[in-house]
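One structure is given below, encoded as structure tokens.
Taken together, the values in this text are just the output of simple stated rules run on the coordinates, not laboratory data. Bear in mind the structure is a predicted one, so any value in this text is a computation, not a measurement. Note: ideal-geometry Cβ built from the backbone for every residue, glycine included; neighbour counts use all protein chains shown.
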């Protein structure tokens, strides 16, 4: 396992490995004051707005009900409240931000990794690309923002490092894909890659993915991962301490993802230490 971790660390330093982060990365942070699971987020939203009991714990359905019977602005307001606080980035967040990676994929709504990049990266050397809801930005699938939060009309030359948030994020512009209709629009087009930025498609080619804090136990997470990985390499890794479900195991096999059966905190400590070692000449 030590050799594998050092191989992954070397791939991160050489930009051959793309970190793909899920909600459970928040478990590595201290004093977390934001929802860390879809269930926790659903409960946060439905504690403030009444929805039918049968969908109170179903995030996308609850968000859709609020959107239909209140307003889209109500959904955005509740999401902004849920993610108003930013956890202090963990040692692994900071290590990944300071590595040689050229692309990070972050599939939760918090601003933690953006703050890690702001702490570790030089000024202006990274940008953020976020998925956009068609109900608010019809015809535009993504928005790009500089490290200062300013909206970018075009991506700059020189291939700056990219933080890709396919579901959107709290900062800097409160973009969220969270309701059923948000995902229906994206999933209608994702097979032909329309919602995935061309810069992300180009960067992923031939590279490996490292999945951290992710589960693949529902169709939505599998679909996004499958399409974001398309045309990458044929070797990937996922830290998955829990025994995978039948559908997760099938997904790992079909995508050539090697399961690393370690607790995330244990793997995080080992990878952080490996990334702190000088890069071999």
Given contacts defined as C-alpha pairs under 8 Å and at least six residues apart, what's the relative contact order of the chain, whole-number percent? 21
Report D for segment 134-278 in µm² per second (integer): Stokes-Einstein, Kirkwood Rh on Cα pairs, 25 °C, 0.890 mPa s. 143
Taking the inverse of the average 1/r across all pairs of different Cα atoms in segment 47-188, what Kirkwood radius in Å do you get? 16.0
Write down the Kirkwood hydrodynamic radius of segment 38-82, to one decimal in angstroms, obtained as one divided by the mean of 1/r over all alpha carbon pairs. 9.9
Based on the Cβ-Cβ distance of residue 54 and residue 184, what FRET efficiency does E = 1/(1 + (r/R0)^6) give at R0 = 30 Å, to the nearest 0.05? 0.90
Kindly provide the pair-distance distribution of segment 77-161 built from C-alpha pairs, with 10 Å bins from 0 and whole-percent values in order of increasing distance. 15, 46, 32, 7
Any idea what the alpha-carbon Rg over 2.2 N^0.38 Å comes to for segment 10-52? 1.75
In nm, to one decimal, how far is the residue 246 label point from the residue 273 one, both placed 7 Å along Cα→Cβ? 4.0
Where does each of 101-112, 164-175, 5-16, 145-156 land if you order them by average Cβ count within 10 Å, highest first? 101-112, 164-175, 5-16, 145-156
From fewest to most C-beta neighbours within 10 Å, the residues 207, 226 line up as 226, 207
